[in-house]
Amino acid sequence: MRLMVLLKLAMRSVGRNVRRSILTSLAMVLGLALLVFSRSLAEGAYDEMIDSGVRMGSGHIAIQNPEYLTSRKLEHRLEEEVVNLASEMTQDVLKESLVTWVPRLAVDGLASSTAAAVPVRIEGVDPDRERTFSNIEGQLQDGRYLEVGDRLHAYIGTELAQRLDVQVGNRFVLTAQTATGDVEGQLVRVAGIFQMGIPEVDQSLIHIPIDTAREWLHTPGAASTLAFLLKGAELTDIGVETLQLKLENERKIRVLGWQESSPELAAAIRLDSTGNYIFHSILLAIIALAILNAVMISVLGRRREFGVLQAMGLTGVETGFVVFLEGLFLTFTSGVAGISAGLLFTWGLFRDGLDFSIFMEDGLEFGGQIMEPIIIPRFSVEQILISTLVILSIGTISSLYPALRASKLDVAEAMKFEQ
Amino acid sequence: MRRYQTVRTLVIQLLNTALLLLLSSPLQAQTAREIIDRVDRLLRGESSRGQITMEITTEHWSRSLDMEVWSLGVEHSLVRVQSPAREEGTATLKAGQEVWNYLPRVDRTIKVPPSLMMGSWMGSHFTNDDLVKESRIVDDYDFEISFEGEREGVEVWEFQLTPRPEAPVVWGRIEEQVRKADLMPTWIRYYDEDGDLVRTLTFSGYRTMGGRLVPASMLVTPADKPEEQTVLTYHELDFDISVDESFFSLRNLRARR
Amino acid sequence: MAHDRLWWRVAWRNLWRNRLRTLITASGLAFGYLGAVLMVGLSDGMLVELIENGTRLMLGEVQVHSEDYLPERNMHRTIGGYEGTDLEIFLNQISSQEDVTAAAPRAYGGGLLSSGEETQAALLMGIDPDREPHVTTLLSRVVRGRPLVTGANEILVGDEMAEQLGSVLGDEIVVVAPSSDGSMGNDLFTLVGTFDTGIPAIDQNYGLLALSDLQFLMAMDPARIHEVAITVGNAQDSPRIAETLREFLSDTELPVQVSSWTDLRPELAEMVSLMNAFHFIVVIIIFGMAAFGVANTMLIGTFERRREFAVVRALGTAPIGIGQTVVYEGIVLGMISLVAGSLITWPILVWLHNSPIDLTQVTSGFSVGGAQWRPVLRVEYSIESPIVAGLGLFLTSILAAVYPAWKATRVLPADALADR
């Protein structure tokens, strides 16, 4: 029964001092809103980095010949039957988690034109699949990307086009050592020219239709890598594990997650996480400080109020408890308000993404991949919960201080004060 | 068109192969093919040994090399430098798909993978392609006679070669001029696909060597750098020499003579 | 005015008498200051780390080439043309410039490295082993073996290149490179060390030789070099320094081009501007929160004093007097807090600057925008940020106190007193 009374006292106290209550809880509300905003932005940036990264690399999950990762040679490839087996099994296992997948056949060779001969990395790709998988088509400068039915078409970078002195439609010859050991030439024509902004790629990467590559290199149905794109990066680990169990004991197959196949991307993600961690720690400290400060200052003006409570017959403990309940109430309403404000603000203003391109011209390289400068915030329930929990804890703990002061009052002395 | 020409070819061949050498007889596709093929293989032949001097002039330096060259078909060749003295003994061996370089100064042999064969051969305006290319020009190009008649008092044919649809060649077009009298080539011009002349190969110094009439001198001039050129001159040339594949070995690569 | 002095004393006494309130408010301001300045320092540190890792590894912050050298990098286009230039004099001229810390000469050649049956294409870089360490950290990245000595035909390759060649320390490597007279320069070199820069483009492709050894290999006169790499005091100032150097060198009549890293590595420059953008937002957020915290505290604190103000008014003080008191309180409080804040902040900044926190257990290094990033938390400090932060928070505290004080003075004393 007493409890109900105490509760009512607490609520009324909050209600009567609207300004003080609002100001005190403002620190928590703003702090929480800010955390929700910046955390969701950070999650969005993280997603963006991984997504761009794996699209340019070997997807979230890659299947290769075990020696391919280090050698990158044509001889370490997956033969036709393995390709079929692996791609079917993987599609089975991943089901709806799979967005799309691509086969790629790669070889090191020479590109020659009338003007020069340049060492290049040639990738045979499936044009339709590749277009949805990677963002290479988006980097188009001139001409067009490869299309189904293309045979002698090549998609090359601006620097390579310059060095070979070729333009869209011009011919040049690819030379490489085929699977039979012979060195053979393949005529191609420039279908389109791209610019990734990464010099090593613009100078040496060439995409040709995979069927053309297979014919030229005498490797029917083969692939160097099968790359799979998932709905979300978090699905990678479980996917890799399952596929490893099913495929790796069979023949020469190795299943890799993106952390392994794109180590530079993985490291870049860690940089981002570290930076984020530091930033949010400092932010959290400042928020905590603001909350603490607000609570402590407001306590100073309430000595008489506490005294009155005790004079009314509440014990020290009960007084303290009332004050504590006040704090708790404020904390929880702030929590709700804070989350709502944060979600509303972030979703309302930035749901289509925070555009960084005002700060720079085009995409940029990060860990060997290209990033688009638009970040779409993602709300991670986990992050929001953690942030909320932390703020609420701080709020609650801060409420202990005034509660303590309230309980230890010398009533007579307190009544002497006017506040 | 081709079938028609083939029929005519058979007819003419039945009559007299020698008619080919007459100035005014029309050139049939198949024998034109032979001529072009011949020019292409003129200095390679089935097997040969030659003594050559190569003079290279570039924007930044000029030099002259004396070399001895052996070849067996298109799969095997050995080039050994004789002068200048500080480069004497430098040699390049091509055996099948492998290319090796011997460097006498350090007495070492290095294997050069095909993807590392930088464009020019020994710093000249010839490319590695020109010398080690295995496919024949007649397989990669279609040809037609673009001119037949007199140029500067000499009766010639001029051929225009266009690459076959999927031939792995970089040129957009090649033009050749061949003298009717002795089937000697006078020049070959290489064009890119936009129709711009990229380089010219000019033949001269026609004489009999190793029992055949050959142009002893070849000049390469790049179109974009008129001050640069390479001149290759044969001093000695023997054909059908007695070498077999075993001659083209690493040991011979390193031999000094 | 006599009145002024009075309000100052009142302000001071108010603060003194309510020590707890003063302490709470001041500590909020002081620690908010610490947080904001620290964040700026850390993000600046990350930025400088990024730039320096990009430039101090191999590039240098400023480079000098012959006018016609870039972008083709034709080996014949040395500084000073075919005759070259007196290196000692040239390098000294450059080093004597005020902002220049050190300068190092380089020559380049493209060629082949061969070991046994393995041959790899390589970018040969001739360096001066004495001067180079003052400009770049390249030689300090030698993980196995030792750096070069001049005149002994020694070579360093990246660990990945060494693997591809199948070579170990002490092995002989045949180096072949087209030389300036058209011949194929070739010689035997000894592998004395392998380096690990963390950047595959370097570790897989470069071979380092002593400058004079490379010049000899390529039949180049010792007076001919392709590049001078320069390190400067402040990496972010490089464009201006390059410009100054360009003007200075135009007197020498050598047709040279002076480039800053912003020209040579535009992708790094973009990375830097992106980081700047991120940091700007981050700092705004942190600072905003700190300022809010201070404002909030001041607001609450001052609102709680309405009764106190009412009493003072009732005693006959003009409204403006209260206003002045509060403003002066704010000023004094602000100054005390900032002094205290600086006292905590500066030692921390200096300590972190000199012994940065090493995160290598947590995460390993990698490359970003062509630069290598080692996971070290570094702090840079400048004059501006503490001053700006300080001023900002100072003003915030004053303004936040003034508003409620002003409101309080507008209410009739009697009402305010009756309210409680």
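The values are calculated or read from the model by the stated rules, or taken from the named source; none is laboratory data. Everything numeric here is computed off the predicted structure, so don't read it as measured data. For neighbour counting, all protein chains shown are included, and Cβ atoms are generated from backbone atoms with ideal geometry for every residue, glycine included. Remember, those area values only see protein heavy atoms, side chains included, never the ligands or the DNA or RNA. Shrake-Rupley method; radii C 1.70, N 1.55, O 1.52, S 1.80 Å.
One table, with the values for the structure above:
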| read-out | value |
| --- | --- |
| Calculated on alpha-carbon atoms, Rg and Dmax of chain C in Å | 31.5, 104 |
| Residue-wise HN-Hα coupling along the stretch A:166-182, computed from phi with Karplus coefficients 6.51, -1.76, 1.60 (Hz; x: Gly, Pro) | 10, 10, 4, x, 6, 9, 7, 10, 9, 10, 7, 7, 7, 5, 7, x, 7 |
| Residue-normalised accessible area of the protein assembly as shown, expressed per residue, 1.4 Å probe, Å² | 43 Å² |
| Inter-chain Cβ neighbour average for residues A:36-43, partner chain, 10 Å | 1 |
| Where a label projected 7 Å from the Cα of A:Glu96 along Cα→Cβ would reach, residues of the stretch A:214-239 with amide N under 16 Å | A:230-232, A:235 |
| ³J(HN,Hα) computed for each position of the stretch C:202-210 - Karplus, 6.51 cos²θ - 1.76 cosθ + 1.60, integer Hz, glycine/proline x | 8, 5, 8, 10, 8, x, 9, 10, 5 |
| Amide proton proximity set for B:Val99, modelled H, under 5 Å, gap of 5+ | B:Val112 |
| For residues of B:187-194, the mean tally of beta carbons on other chains within 10 Å | 3 |
| Angle between chain A longest axis and helix A:236-247 axis [Cα atoms, degrees, rounded to 10] | 40 degrees |
| Helix A:381-407 axis, angle to chain A major axis (alpha carbon atoms, nearest 10°) | 20 degrees |
| Prolate/oblate/rounded call for the stretch A:126-274, Cα gyration tensor, a/c under 1.5 rounded | oblate |
| Cβ-Cβ FRET estimate between C:Glu88 and A:Asp237, R0 fixed at 60 Å, reported to 0.05 | 0.50 |
| Tail weight of P(r) past 26 Å, computed on alpha-carbon pairs of the stretch B:104-254, percent | 39 percent |
| Backbone N under 18 Å from the A:Gln141 label point (7 Å along Cα→Cβ), restricted to the stretch C:270-287 | C:270 |
| Percent of beta bridges antiparallel (DSSP, the protein assembly as shown, rounded to nearest 5) | 90 percent |
| B:Gly172 long-range amide H proximity, modeled H, under 5 Å | B:Tyr191, B:Asp192, B:Glu193 |
| Separation in nanometres of the label points that stand 7 Å from Cα toward Cβ, at C:Leu188 and A:Leu245 | 5.8 nm |
| Whole-Hz couplings from phi, Karplus 6.51/-1.76/1.60, listed for the stretch A:99-113; x for Gly and Pro | 8, 6, 9, 9, x, 9, 10, 10, 8, 8, x, 10, 10, 10, 10 |
| Helical contribution to [θ] at 222 nm, DSSP H n ≥ 4, -39,500 (n - 2.57), averaged over chain C, rounded to 500 | -17000 deg cm²/dmol |
| Test item: B:102-109 mean partner chain Cβ contacts at 10 Å | 4 |
| The protein assembly as shown pair-distance distribution - Cα-Cα, 20 Å bins, rounded % | 10, 31, 28, 17, 9, 4, 1, 0 |
| Relative contact order %, chain C, counting alpha carbon pairs below 8 Å whose residues are six or more apart | 26 percent |
| Non-local Lys pairs in the protein assembly as shown, i.e. 8 or more apart or on different chains, that have alpha carbons under 16 Å apart | 6 |
| Between 0 and 90°, nearest 10: helix A:80-94 axis offset from chain A longest Cα axis | 20 degrees |
| Paramagnetic label zone (point 7 Å from Cα along Cα-to-C-beta, C:Asp237; backbone N under 15 Å) in the stretch C:42-74 | C:61-62 |
| With every protein chain in place, the protein assembly as shown: carbon and sulfur % of accessible area (1.4 Å) | 56 percent |
